[in-house]
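One structure is given here, and the rest of the page talks about it.
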């Protein structure tokens, strides 16, 4: 799912060309609750996914806002919270509905299975915030707290909730910047998320700090 239909389509086509036989579909949406609900319904009704159960859902959007605080407006500040923190809320609810519909609602203590993994991709702004980033820091920290609350409520029900901190650039390619530890590769992040999704109930990672080797912190 992504906001722009054109980039969504080109991304899907690039995966199909690089991985023949891969089952991949694109669904354009923003983080408005009604649009996310529509996208999840389209996914459920998609013929390509017929018979498949949801196992992992990843919330990751580009969200930035830099402005001196006395120039910040109420509308801009709350819009930031709505699009990012509100979007995370709506995405989580839709994902949880699908997890329970696909895997049942029996808790782990009663012999239920793991329902799935819900991952929120955050940044260092969720932990500490610089000057001129009031809206950005507030929304990023809000999603971290949302993930923490959900982990405490949903873990015993069989849902693995993760908040990752991606500190640094994530680039599609594997080039010199990745080899020298200046930037992360999307492939490496994907492998890490796959590893998280495969964790069994005896050990679940809740928060994970990801950074390329040369990123300062």
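Only residues in segment 189-202 that are at positive phi and modelled with pLDDT under 95 count as the first member; pair them with residues that are in a helix (DSSP H, G or I) and surrounded by fewer than 13 Cβ atoms within 10 Å (Cβ to Cβ), Cβ under 7 angstrom, at least 6 apart or cross-chain, and list the lot.
none
Does segment 154-166 contain any residue that is part of a loop (DSSP other than H, G, I, E, B), surrounded by fewer than 18 Cβ atoms within 10 Å (Cβ to Cβ) and over 16 Å from the mean Cα position of the chain (by Cα)?
no
Of everything in segment 76-122, what is surrounded by 17 or more Cβ atoms within 10 Å (Cβ to Cβ), out of contact with any helix residue (DSSP H, G or I) (no Cβ under 6 Å at 6 or more places or on another chain) and assigned to a loop (DSSP other than H, G, I, E, B)? Give them in sequence order.
114 - this is the single residue of segment 76-122 that is surrounded by 17 or more Cβ atoms within 10 Å (Cβ to Cβ), out of contact with any helix residue (DSSP H, G or I) (no Cβ under 6 Å at 6 or more places or on another chain) and assigned to a loop (DSSP other than H, G, I, E, B).
Please tell me if residue 42 is surrounded by 12 or more Cβ atoms within 10 Å (Cβ to Cβ), free of Cβ contacts under 8 Å to residues at least 24 places away in the same chain, over 28 Å from residue 89 (Cβ atoms) and out of contact with any strand residue (DSSP E or B) (no Cβ under 8 Å at 6 or more places or on another chain).
no
Can you go through 175, 168 and tell me which one is modelled with pLDDT under 95 and farther than 30 Å from residue 67 by Cβ? Give the derivation first.
On the way: 168 fails: farther than 30 Å from residue 67 by Cβ.
Result of the check over 175, 168: 175.
Can you confirm whether residue 37 is in contact (Cβ under 8 Å) with a residue 24 or more places away in the chain, touching a helix residue (DSSP H, G or I) at 6+ places or on another chain (Cβ under 9 Å) and in a strand (DSSP E or B)?
no
Determine whether residue 178 is part of a helix (DSSP H, G or I) and more than 24 Å from residue 128 (Cα to Cα).
Against the criterion (part of a helix (DSSP H, G or I) and more than 24 Å from residue 128 (Cα to Cα)), residue 178 qualifies.
Taking into account only those residues within segment 132-153 that are surrounded by fewer than 17 Cβ atoms within 10 Å (Cβ to Cβ) and without any contact (Cβ under 8 Å) to a residue 40 or more places away in the chain, which is farthest from residue 110 (Cα to Cα)?
Selected residue: 145.
From (1) touching a strand residue (DSSP E or B) at 6+ places or on another chain (Cβ under 7 Å); (2) modelled with pLDDT under 95; (3) buried (at least 19 other Cβ atoms within 10 Å of the Cβ), pick out the condition that doesn't hold for residue 125.
(1)
What number of residues within segment 1-26 satisfy the criterion of being modelled with pLDDT of 90 or more and touching a strand residue (DSSP E or B) at 6+ places or on another chain (Cβ under 8 Å)?
3
Those residues that are surrounded by 18 or more Cβ atoms within 10 Å (Cβ to Cβ), out of contact with any strand residue (DSSP E or B) (no Cβ under 9 Å at 6 or more places or on another chain) and not in a loop (DSSP other than H, G, I, E, B), I need them from segment 50-75; list them, please.
none
The values are calculated or read from the model by the stated rules, or taken from the named source; none is laboratory data. A quick note: this is a predicted structure, and the numbers were derived from the prediction, not measured. Virtual Cβ from ideal backbone geometry, glycine too; neighbours counted across all protein chains shown.
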